[in-house]
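The values are calculated or read from the model by the stated rules, or taken from the named source; none is laboratory data. Just so you know, these numbers come straight off a predicted model, no measurement behind them. With ideal geometry, Cβ positions are generated from the backbone for all residues, glycine too; neighbour counts draw on all protein chains shown. To get the accessible areas, we keep the full protein, side chains included, count just its heavy atoms, and leave off ligands, DNA and RNA. Shrake-Rupley method; radii C 1.70, N 1.55, O 1.52, S 1.80 Å.
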Amino acid sequence: MNKIILASQSPQRKLMMDTLGIDYEIVPSNLDESKIKELDPRKKVVELARLKAKDISRKNPKATIIAADTFGLLKHEVLEKPKDKKEAVKMLRKISGQWIVALTGVSLQNQKSEIKNSALFETMAKFRKLSDKEIQYYVDTQPVTTWSAAFCPGYPAGAALIEKTDGDLTSFLYGLPVSWVVGQLKKTGKQL
């Protein structure tokens, strides 16, 4: 079996891959995301995952590449990573008490078996009504500028912000839909 590469530096995605009990490597893509001009966030998040997998696949043609990307969507506004803590505070105030859609695009590519599959996962999440004190504490104690929408539900502090969810749990919590990934790996001949 060829090697498996996770094209992501995300600690949350690594946690999910670690649960599978398989050998894999981490080789993050250096794709310049600003060059992607797609405006539809659902198409864009899948396109980013596909292009990241393609980028790493070019350099590792015998490997199976898994890539993913995530956005938060509040009504029609895309919530990507905040530039700084001030912007993170604004984002968290905006989503306090609101429903957002967590969009995860995922792609698995294996040139040898000619598998190139991508998918979109949407999870609805309702935030609790957050006080300014809660928001400031979260921003001061968490690496909010590394996460879309300034939060990560894959850790207790982030999960505590959420009132309820509806959708793929591992996609929402960790940015990697494990059931989809397992199904795609099996198509490449990987025994899990």
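Okay, here's what the table says:
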| read-out | value |
| --- | --- |
| Candidate set: segment 78-93, residues that are open to solvent by 10 Å² or more (accessible area, probe 1.4 Å) and within 24 Å of residue 169 (Cβ to Cβ); chosen: the one modelled with the lowest pLDDT | 80 |
| In segment 133-165, residue nearest to the chain's Cα centre (by Cα) [restricted to those that are charged (D, E, K, R) and farther than 22 Å from residue 75 by Cβ] | 140 |
| 3 or more residues farther than 29 Å from residue 141 by Cα and out of contact with any His (no Cβ under 6 Å at 6 or more places or on another chain): qualifying strands (runs of 3 or more DSSP E) within segment 1-116 | 64-74, 99-110 |
| Any hit, segment 25-42, residues being among the aliphatic types (A, V, I, L, M), at pLDDT 90 or above, more than 29 Å from residue 157 (Cα to Cα) and open to solvent by less than 50 Å² (accessible area, probe 1.4 Å) | no |
| Conditions (1) open to solvent by 20 Å² or more (accessible area, probe 1.4 Å); (2) of a type in the set (Asp, Glu); (3) in contact with a helix residue (DSSP H, G or I) (Cβ under 8 Å, 6 or more places away or on another chain); number of the one not met by residue 18 | (3) |
| For residue 66: the one exception among (1) under 15 Å from the mean Cα position of the chain (by Cα); (2) of a type in the set (A, V, I, L, M, F, W, C); (3) open to solvent by 40 Å² or more (accessible area, probe 1.4 Å) | (3) |
| Filtered residue count, segment 157-174, keeping only those that are surrounded by fewer than 20 Cβ atoms within 10 Å (Cβ to Cβ) and either among the small types (Gly, Ala, Ser) or farther than 19 Å from residue 99 by Cα (or both) | 5 |
| Whichever residue in segment 106-137 is at pLDDT 95 or above and open to solvent by less than 10 Å² (accessible area, probe 1.4 Å) and, among such residues, is farthest from residue 16 (Cα to Cα) | 135 |
